[in-house]
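Notes follow the structure.
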Amino acid sequence: MHGGNVTARDDILGRLRSKLGRNAQNAATARQAMGEVLERHPGGPRPSQPADRLAYFRQRSEALSTTIDEVAAFADAPAAVAAYLKRHGLPLAGGVAPGLSDLPWAEAGLRFEARGGRPDDLVGITGCFCAIAETGTLMLCSGHDTPAALSLLPETHIALVRLSRIVAAMEDAWQLARDELGRLPRAVNFVSGPSRTGDIEQTIVLGAHGPYRVHLVVIREA
Amino acid sequence: MHFKARVGEKLADRILQENLAKAKPKFVDSRAKVMLELDDIEATREAAKQIRNRSLENLDLWLETFESKATEAGAQVHYARDSQEICKLVVDIARRHGVRKITKSKSMVTEEAGLNRALEAAGIQPVETDLGEYILQINDNEPPSHIIAPVFHKSKEEISDLFARTHNTPRKTDINELTREAREQLRPHFLSSDMGISGGNFIIAETGSVAIVTNEGNGRLCTTLPKVHVVITGIEKAIATLDDLSTLLRLLPRSATGQAITNYVSVLTGTKRPDEFDGPEHLYFILVDNGRADLIGSEFQDMLRCIRCGACMNHCPVYQTIGGHAYGWVYPGPMGSVLTPLYQGLENALDLPHAATLCNQCGVVCPVKIPLPELLRKLREKQVERGLRPLSERIALRAWAWVARRPALYALGTKIGVRYLKWLASGKDRIKVLGVAPAWTQGRDFPAPQGETFRELYARGQRDCAR
Ligand code: SF4
């Protein structure tokens, strides 16, 4: 499937082959080595981490201007979200990821519809596939249960993070994805704090094109 | 304009000089601080270098693997040999899908291609959405002066004026307010564009994905909302696995902006799935050669490891003094001084390999250990080999070589030379006008020789030893 562009492809790959001195024999050897790399996907050096992963995750997240709350169980999340929204004078309505629609949002006085993100949403609530302590990062996998735009269009993004899903490093997050999802979702978005820009005089400003605020509710329930 | 003339202009530009002086320490200091979070910086750089080398050493096969994985996931993979082919492919794709407006996330390869001009000529509106790139676009398509901070050369006052003029809004001077204004101007474009164009920091063979690293969120918007997404990136950006990506990501944002990670890292694979609310229905890759393939297997192959972090320019005393525009093409600083002659022709960038003190600051900070000074030196050699140096320089070098092979004559020559310089200095320690080469002292003084020559010192040392 190369459209009407066969010549450019053949020309470029052809030149690469000749520059690399490609022949059937060294191609076979190289393919075998490549196969091993793909199979084993060896990692590079990783920075060490303190043993208390949650504390480290919290520290790294807060350094990025993410705020964090903790609750015991999923059922407690709506009340914690409501308290956060009220504390900041934010609207008590918006979109919630369909994967979280069965939580008692209405009981907490919130009006969140289970759906994808809309341009006029001010608040979006999502879960996350996992979170990464090393950098204070959320890993969001796009799909019906976690729509990509819901964490992007609203000015406030709230994410529920299960404590047991906080992994040490990005490599661990990929391994979880390999084990649990088989193939990658269309979009894996790693989110580390509110959107920002430093383009004007290298001065960091929060809220460029994405959310101004990222708030996490960590759920201790296993 | 000639490089030297541009440099003269930039040095005389007071506002630019102030802006450069203000911007420099921010990148340098924050990088230095955040690199220390890595337990073993050297081992991480070495690993990154190996990862990039592994791709380049079998680039043909990695591209084939990438292609088959990407196609499997629903993307279409195209190749472009040069700028013209890039523009033609994009315009064709846009026409095929009836596209009127394109939102663009930052991509240096599209700068190489002059894509925006081609789109406009085809009646398609490109909207740059990275804040810096947007500022440049509304300022009459000014070129970027830095690969990750496109308006590195501009002060916020200049941007305030530009926004007030272009948006017809009251003049704002607070950077927060300026950013919000850009957000409000651009949001409607995101929602109404039919196609998004992004670069690609890496393409991943394991999964056929593209990895895009951004802070603002514009990259996510461009690749989530429009129904067509076109990724335009260089063929050299292939890496093997997601774990390789993880290693490289420990260095790229740190080296670029002094962040442990950028706000967003998007790894995108294929098209919208049936159960999804959003995502593009069509995904195209345009993998660009534009001079890259010819570097494979050459003495300049190391340059293809570049991950476009900008650390080399942030740490370059020459870049910090003249800014990015003086370099004349898309890529400035040390990496630009290597890439421009290689991609645009040696003869079209004769001064760039010489626009360096070879102090090796760039080589020390480069996250993938590209020996930039060595490559600059090789380019200088190439110029000599191909007879591209000016006649006067060639004659002077010949003459010097001839003399240098005759020690007695050489000693006499240096003796006379030193006397002459001392005479020029007339007792002071600096020479204001260098008699035989007055151009050299136009912007600086020449230090006057002090005390004895090396030969005299050496001879005396020998005599003292003998005693
Ligand atoms: S040459 Fe090295 S330091 Fe310069 S942009 Fe490329 S990777 Fe970064």
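What to note about this one:
- Test for residue B:207: is it of a type in the set (Ser, Thr, Tyr), in contact with a helix residue (DSSP H, G or I) (Cβ under 9 Å, 6 or more places away or on another chain) and touching a residue at least 40 places away in the same chain (Cβ under 8 Å): yes
- Residues within segment B:233-252 that are among the acidic types (Asp, Glu) and at the interface with chain A (Cβ under 9 Å from one of its Cβ atoms), tallied: 2
- Qualifying residue in segment B:302-314 (condition: assigned to a loop (DSSP other than H, G, I, E, B), farther than 30 Å from residue A:185 by Cβ, within 16 Å of the ligand (Cβ to nearest atom) and open to solvent by 50 Å² or more (accessible area, probe 1.4 Å)): no
- Only listed residue being assigned by TED's automatic domain parsing to the domain that holds residue B:217 and not acidic (Asp, Glu), chosen from B:73, B:21: B:73
- In segment B:448-459, the condition of being in contact with a strand residue (DSSP E or B) (Cβ under 7 Å, 6 or more places away or on another chain), at pLDDT below 90 and surrounded by 13 or more Cβ atoms within 10 Å (Cβ to Cβ) is met by at least one residue.
- Only one of B:339, B:379 that is closer than 17 Å to residue B:311 by Cα and either away from every other protein chain (no Cβ under 14 Å) or near the ligand (Cβ under 10 Å from one of its atoms) (or both): B:339
- Condition check for residue B:46: closer than 24 Å to residue B:304 by Cα, loosely packed, with under 15 Cβ neighbours inside 10 Å and at pLDDT 95 or above: no
- Evaluating residue B:259 against the criteria (1) within 10 Å of chain A (Cβ to nearest Cβ); (2) more than 16 Å from the ligand (Cβ to nearest atom) leaves one unmet condition, (2).
- Restricting B:130, B:60, B:92 to those that are touching a residue at least 40 places away in the same chain (Cβ under 8 Å), acidic (Asp, Glu) and within 14 Å of another protein chain (Cβ to nearest Cβ) reduces the list to B:130.
- Exactly one residue out of B:327, B:319 is more than 18 Å from residue B:255 (Cα to Cα), more than 10 Å from the ligand (Cβ to nearest atom) and of a type in the set (Phe, Trp, Tyr): that is B:327.
- If you go through segment B:272-282 and keep only what is touching a residue at least 24 places away in the same chain (Cβ under 8 Å) and more than 7 Å from chain A (Cβ to nearest Cβ), you end up with B:280, B:281, B:282.
The values are calculated or read from the model by the stated rules, or taken from the named source; none is laboratory data. Worth saying up front: this structure is predicted, and the values here are computed from it rather than measured. Note that we place each Cβ from the backbone using ideal geometry, even for glycine, and neighbour counts take in every protein chain shown. With ligands, DNA and RNA removed, areas are computed over all heavy atoms of the protein, side chains included. Shrake-Rupley method; radii C 1.70, N 1.55, O 1.52, S 1.80 Å.
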